[in-house]
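The values are calculated or read from the model by the stated rules, or taken from the named source; none is laboratory data. What you are looking at is a predicted structure, and each value in this text was computed from that prediction instead of being measured. Ideal geometry is used to build each Cβ from the backbone, glycine not excepted, and the neighbour counts take in all protein chains shown.
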Amino acid sequence: MNSLYYGDNLDVLRRYIKDESVDLVYLDPPFNSNQDYNVLFAERDGTRSQAQIKAFADTWKWDHVSAESYQEVVEAGGAVSQAMQAFRKFLGENDMLAYLSMMAPRLIEMRRVMKPSGSIYLHCDPTASHYLKILMDAVFKPQNFQNEVIWWYRKWSKSTNHFLRNHDVLLFYSKEPQHTFNILRVPLSPSTLRRFGGKRQDFADEERTRKITTDEDSEGGFRPDVWSINLLPAAAAEKLGYPTQKPLALLELVIQASSKPGDIVLDPFCGCGTTLTAAQNLDRKWIGIDITHLAITLIRHRLYDTFGPQIKKTYEIIGEPVSVPDAENLARENPYQFQWWALGLVGARPAEGKKGADKGVDGRIYFHDEPKSTRQIILSVKAGAMHANYVRDLRGVLEREKAEIGVLISMEAPTQKMRAEAASADFYQAPSGKRYPRMQLITVSDLLSGKGIDYPPEDARKDATFKQAPRSNPSKTRNFELPLD
Ligand SMILES: C[S@@+](CC[C@H](N)C(=O)[O-])C[C@H]1O[C@@H](n2cnc3c(N)ncnc32)[C@H](O)[C@@H]1O
């Protein structure tokens, strides 16, 4: 059974993932250098949204949490402890040290869960790759370093005092020297074919010429450690609006090279689920972990849209509330996550928050019940005690937003008076003639027992609130590679 965990990966790894149980780890942790580490959806017309949702602000700031993390690693001794102490001397107590202090115990856990034949790919950028390589050397030993893979992409911008920064880095380490590795080939370019492929004898190294010619003749050249894969263009079918989403083509290369069908692939920072989708495409099993309910919601949608309804039976979600007390706990610990979880259950998209244009709106659902029309459902989520004015306020927001339906999701059951007030809001009549209550009150307990919002069905919902991922087509070659020469 594949598993998707909601939670902090350090905690999830320690609590749930057994020693030597994973074949391949890919991680793409957030980093401050990359401003779009905040979850930021594109607007429906493709422009950048005002509604910026901070999924995890300042995860990597030097504070008591990172200081504790640092202390724990240092006290454990060994190479990692020495590397961290050296970093502290050199860097001081700054954001970079915080980042490395948060990464160190997680990398140690990742090594623990890897099988002896396993590999790990740490995706980062040149801002931190040099420090992370030292840390990876300390955790995995220098002799297990396999490659620094450069993912090169085209991105045109202005740069007057340095070259364009157009690559990411994937640090590839194995747990032991003997590790799973499948040779991947690349088609040789016409110029290479012309140089090495003909019958010319004017090469210094004839032996080499013969070898390359033989491989050409068969399956192409050995894949080098520079991969040229386009960034996902805005119009790419697989692009879902998650800003740090990586191309499936990249993940498929990693998985094809370092695992076999049936192997277990772990992504402890799984975002919108690119690794999980690629693993599923390639018949691998997978484990995903993410600290936001928004990511879990997106992944659920992505898997459903890509692989169809039967996918639901092949994985479990662990760490989401399954009872009212669970939901109360989540609301107490993290009101934002509670909101995202509740909105996720009804397929809504979180709104920016309480300020500005989105005042009073926690989430939105869109639907199209006739061609070229976009209708809206406004959601308000209340974790605390109920107040008589909640229904009235939401009615006001409904008018202001010209939305068709308003939904109040609450932990506490609404009073009789609130129900009466909701009932007096009348109905939204769809073009089909069917009527839907304009104000709907749903409790968390209703949600947990499977109740949803009453609004026009499947066809009207398609591709409306979240962009729909395309159906899986693993046999299709992804056309993302750029010529290297
Ligand atoms: C750069 S994104 C990953 C994007 C992903 N590769 C994709 O293609 O969608 C990093 C993710 O890590 C998650 N994250 C951050 N800190 C985490 C933690 N401590 N435990 C688990 N997930 C975490 C964030 O919520 C975010 O979704």
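Quick grid of which residues meet (1) closer than 27 Å to Ser323 by Cα; (2) aromatic (Phe, Trp, Tyr); (3) crowded, with 16+ Cβ neighbours inside 10 Å:
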{"position": "Lys372", "(1), (2), (3)": "no, no, no"}
{"position": "Ala388", "(1), (2), (3)": "yes, no, no"}
{"position": "Glu404", "(1), (2), (3)": "no, no, yes"}
{"position": "Ser410", "(1), (2), (3)": "yes, no, yes"}
{"position": "Arg419", "(1), (2), (3)": "yes, no, no"}
{"position": "Tyr428", "(1), (2), (3)": "no, yes, yes"}
{"position": "Lys434", "(1), (2), (3)": "no, no, no"}
{"position": "Arg438", "(1), (2), (3)": "no, no, yes"}
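Given the residues Met114, Met103, which is the only one that is assigned by TED's automatic domain parsing to the domain that holds Ile264, away from the ligand (no atom under 15 Å from the Cβ) and surrounded by 20 or more Cβ atoms within 10 Å (Cβ to Cβ)?
The unique qualifying residue is Met114.
Scan region 255-275 for residues that are buried (at least 23 other Cβ atoms within 10 Å of the Cβ), part of a helix (DSSP H, G or I) and more than 9 Å from the ligand (Cβ to nearest atom) and report the count.
2
Take the residues in region 117-134 that are within 16 Å of the ligand (Cβ to nearest atom), surrounded by 19 or more Cβ atoms within 10 Å (Cβ to Cβ) and not hydroxyl-bearing (Ser, Thr, Tyr), then tell me which one is farthest from Tyr173 (Cα to Cα).
That would be Ala128.
Looking only at helices (runs of 4 or more DSSP H) that lie completely in region 279-398, which have at least 3 residues being without any contact (Cβ under 8 Å) to a residue 40 or more places away in the chain?
It comes to 324-333.
Can you work out which of the residues in region 282-293 that are more than 9 Å from the ligand (Cβ to nearest atom) and at pLDDT 95 or above is surrounded by the most Cβ atoms within 10 Å (Cβ to Cβ)?
Taking the candidates together, the pick is Gly288.
As an exercise: evaluate Ser258 against (1) assigned by TED's automatic domain parsing to the domain that holds Ser445; (2) touching a His at 6+ places or on another chain (Cβ under 9 Å) and give the number of the one condition it does not meet.
Every listed condition holds for Ser258 apart from (1).
Going by the structure shown, is Arg332 among the charged types (D, E, K, R) and out of contact with any Lys or Arg (no Cβ under 7 Å at 6 or more places or on another chain)?
Yes: the conditions hold for Arg332.
Taking Ala76, is it farther than 24 Å from Thr274 by Cβ, within 14 Å of the ligand (Cβ to nearest atom) and modelled with pLDDT of 95 or more?
No, not satisfied.
Taking the residues in region 3-20 that are surrounded by fewer than 21 Cβ atoms within 10 Å (Cβ to Cβ) and more than 9 Å from the ligand (Cβ to nearest atom) as candidates, determine which candidate is nearest to the chain's Cα centre (by Cα).
Ser3
Check off (1) on the phi > 0 side of the Ramachandran plot; (2) modelled with pLDDT under 85 for Glu43 and give me the number that stays unchecked.
So the condition that Glu43 fails would be (1).
Please find, among Met103, Met96, Met110, the residue that is over 30 Å from Arg223 (Cα atoms) and of a type in the set (A, V, I, L, M, F, W, C).
Residue meeting the stated conditions: Met96.
Glu72: surrounded by 13 or more Cβ atoms within 10 Å (Cβ to Cβ) and assigned to a loop (DSSP other than H, G, I, E, B), yes or no?
no
Collect the residues in region 134-188 that are farther than 30 Å from Ser81 by Cβ, out of contact with any Leu (no Cβ under 8 Å at 6 or more places or on another chain) and without any contact (Cβ under 8 Å) to a residue 24 or more places away in the chain, keeping them in residue-number order.
Lys158, Ser159, Thr160, Asn161, His162, Phe163, Leu164, Asn166
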